[in-house]
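Data block below; observations after.
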Amino acid sequence: MFSVLAALSMIARIFELNFSYGISFAFGNVFTIIILSYYGKFKALSVAVVSNVLDICFFNGSIYTVFFTFEILVLSIFWKNKIRKLLFIDILYWIMVGIPFSFLIYYLNNRTFGLEVYLLVINNWICGNINVLIADLIISYVPIQLILGRKEKILTDLNRLMFHLTIAAVIGPFLVYIMIDGWLTQDRVSSEISQILNTSRLNIIDQINSWDTNDLRKIRLRSPVHLKDLKEIIASNPLNDKVEVFVVDRKNSLYSANRNLEKPNMIYDWKDGGNIINVSDNIYCWMPESKRLGFDIKKWSKAFYIMVYQFEDIDLQLQIKVPLSNYTVSIWENYRNKFHILIVFCFISIFISIMMGRVLSRDLSKLTQSTTDLPDKLKRQEIIEWPDTSMVQVNNLVSNFKVMSNNLVTLFNDINIMNDKLLSQTIELENSREEMKRLAYNDALTGLPNRYYFTNYLEELLSSGYERKIAVMFIDLNRFKHINDKLGHDIGDMLLKEVANRFKYVLGHDDFVARLGGDEFVIILRDIDYEKASVTAEQINNVLCETVIVLQKDKKYELNISGSIGISLYPDDAVDKTTLLKMADMAMYASKETGEKEFKFYSDLNKIVLS
């Protein structure tokens, strides 16, 4: 049995129960205290020292875990003197030894104080007290002596039982809630950071995709103009203040960043000096390597998430980083507040249990039933039925529990408000992503698809194995430049909007129209032949020739334009995107040379040349 308890003590000391972002509890001392109770001081201290040495030497344990070994030493001394009020002894140990010396070691190592060391000390203090409480509960109520072959009967003191029940009813559910909420918070933060990384990547890559491979090669050659353009694209990211962006090559040579880090031939390797966790595709979590004088909270304060995007056909890599320090401070402050409430509740519960004395078993049973899973009940907004008794002591206990319940309700409300804010921020990021996508794919003036959208649409249509004929129409507006120069850009913009509306009116549901820029438009007709395309082109020219009436500042302008249309057919003229576009463009220029209100098929041009 001793070997089992010793092994459990070492395992529970080394492998901690992690809540989130450095907050964790180790339960090794639970089994060490049980060893102390049944096997004596020497074996308990030996197990504590061996566990501590193994943790520090082989598992990069924190130096601050030494205080858990000293905790066993102090409990051993008082246990020898038959003082069995373990929790009170442990609280005094941490107040007089553990907390002051933890602060001292941290200050000697870092020459400063802050939230990190405060959380470290509070975390270790609460962890130590909970270990003692759990061990005391096991020793008092679990019949381990029967397993060991001892037949002495354990007598339970009612006051001691009331003390244990009071503390456990508050601490148990509250710690479970903190643990679950910590896991959920870590998942929410990870999801939000992934959303930020993906949105930032889309914002930057959508603009860089308009460059060709030669432009990217000029980045590799460190062209000042292209480096400046790249930096402007990175800076235009709406989430620029939340991310750090780097562009490097395979040798980690830095080309551009959004934090003014560029130096000639500067090397930036985000993998150096840390451990890497693969979160999802191209997204990683980096944490600094463990140090024996460090502790887990400090590692998380330096950790970050990073997305790595490799450009095609060029040795350049886009790295987008989100430091966890943007989130950990608020999360740690939330933990600090929860720990404060937990400590206050514990001291109130201890005080109440000491002052109560003997309580009738009937009233005690009612009160225990009301306070069991109290945080979960309050979280579910259940109505708590508090016992009504003539006992003054019990009434005082009920009143204090009501106060605790109100404080818990306030805490839950604060947490719900914080969760709502996180949800609202996530929705805002999603809306921002959709808006950026709309701006990337649509013309801002007419609302029609832009050149980028048109190119992707045609590529997908051709690569999908579409077996019917397709017509690609290039349309150039005649006399638009004259109107735009003479009457101004505002009139020209209103004219373009009207032209876009007329295209939508003429074309069918399956047809596609886009504005390439200026007065150039392109139309894709599906399931079409030569005759149908001719009819559609004639309809478009007729619609364009109709007078456009524009009103501006009580002035009325009657504008007359026409269109020159060039048409290429798939698969008759070509089967690839580039050739189809080139043929339609050539046909459009041929129709423009013929005269206004004309359309030409590329196949007709070949006939003219042959004739």
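The values are calculated or read from the model by the stated rules, or taken from the named source; none is laboratory data. For clarity, every value in this text was computed on a predicted model and none was experimentally measured. Note that we place each Cβ from the backbone using ideal geometry, even for glycine, and neighbour counts take in every protein chain shown. Note: accessible area is taken over every heavy atom of the protein model, side chains too, but ligands, DNA and RNA are not part of it. Shrake-Rupley method; radii C 1.70, N 1.55, O 1.52, S 1.80 Å.
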| Restricting attention to segment 107-133, and to residues there that are at pLDDT below 85, aromatic (Phe, Trp, Tyr) and in a helix (DSSP H, G or I), which single residue is farthest from residue 334 (Cα to Cα)? | 107
| task | Search segment 410-437 for residues being surrounded by 11 or more Cβ atoms within 10 Å (Cβ to Cβ) and among the basic types (Lys, Arg), and hand back the single one that is farthest from residue 345 (Cα to Cα). | result | 437
| Among 466, 457, which is in a loop (DSSP other than H, G, I, E, B) and open to solvent by less than 70 Å² (accessible area, probe 1.4 Å)? | 466
| said: Among the residues of segment 443-454, are any farther than 26 Å from residue 236 by Cα and either open to solvent by 50 Å² or more (accessible area, probe 1.4 Å) or of a type outside the set (A, V, I, L, M) (or both)? | reply: no
| query | Do you know which residues across segment 78-91 are at pLDDT below 85 and aliphatic (A, V, I, L, M)? | reply | 83, 86, 87
| On the given criteria, is residue 503 free of Cβ contacts under 8 Å to residues at least 60 places away in the same chain and under 18 Å from residue 564 (Cα atoms)? | yes
| task | Hey, can you tell me all the residues within segment 480-511 that are open to solvent by 20 Å² or more (accessible area, probe 1.4 Å), at pLDDT 85 or above and within 42 Å of the chain's Cα centre (by Cα)? | result | 493, 497, 501, 504, 511
| field | Condition broken by residue 564, with the remaining ones in (1) free of Cβ contacts under 8 Å to residues at least 24 places away in the same chain; (2) of a type in the set (S, T, N, Q); (3) touching a strand residue (DSSP E or B) at 6+ places or on another chain (Cβ under 8 Å) satisfied | value | (1)
| request: Please indicate, with yes or no, whether at least one residue in segment 245-257 is more than 22 Å from the chain's Cα centre (by Cα) and in a helix (DSSP H, G or I). | output: no
| field | Selected residue (criterion: nearest to residue 198 (Cα to Cα)) from residues of segment 263-278 that are open to solvent by less than 70 Å² (accessible area, probe 1.4 Å) and either at pLDDT 85 or above or in a loop (DSSP other than H, G, I, E, B) (or both) | value | 270
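May I ask you to list the residues in segment 299-340 that are among the β-branched types (Val, Ile, Thr) and within 14 Å of residue 276 (Cα to Cα)?
306, 308
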| said: I'd like to know if segment 161-168 contains one or more residues that are at pLDDT 85 or above, part of a helix (DSSP H, G or I) and of a type in the set (Val, Ile, Thr). | reply: no
| Pairs where the first residue, in segment 532-557, is among the basic types (Lys, Arg) and the second is in a strand (DSSP E or B) and surrounded by 12 or more Cβ atoms within 10 Å (Cβ to Cβ), C-beta under 9 Å, 6+ apart | 532/471; 532/525; 556/550
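Quick one: in segment 551-569, of everything that is under 52 Å from the mean Cα position of the chain (by Cα) and surrounded by fewer than 19 Cβ atoms within 10 Å (Cβ to Cβ), which residue is modelled with the highest pLDDT?
551
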| task | Quick one: which residue in 201, 188 is more than 22 Å from residue 329 (Cβ to Cβ) and either open to solvent by 20 Å² or more (accessible area, probe 1.4 Å) or not in a loop (DSSP other than H, G, I, E, B) (or both)? | result | 201
| message | Between a residue in segment 173-189 that is in contact (Cβ under 8 Å) with a residue 40 or more places away in the chain and any residue that is among the small types (Gly, Ala, Ser) and open to solvent by less than 10 Å² (accessible area, probe 1.4 Å), which pairs come within a Cβ distance under 8 Å, given they are 6 or more apart or on different chains? | response | 182/20; 183/20; 185/20; 186/20
| note | All conditions in (1) outside any helix (DSSP H, G or I); (2) open to solvent by 70 Å² or more (accessible area, probe 1.4 Å); (3) modelled with pLDDT under 85; (4) not basic (Lys, Arg) are true of residue 214 except (1)
| task | Within segment 417-426, work out how many residues are over 12 Å from the mean Cα position of the chain (by Cα) and either in contact (Cβ under 8 Å) with a residue 12 or more places away in the chain or over 16 Å from residue 242 (Cβ atoms) (or both). | result | 4
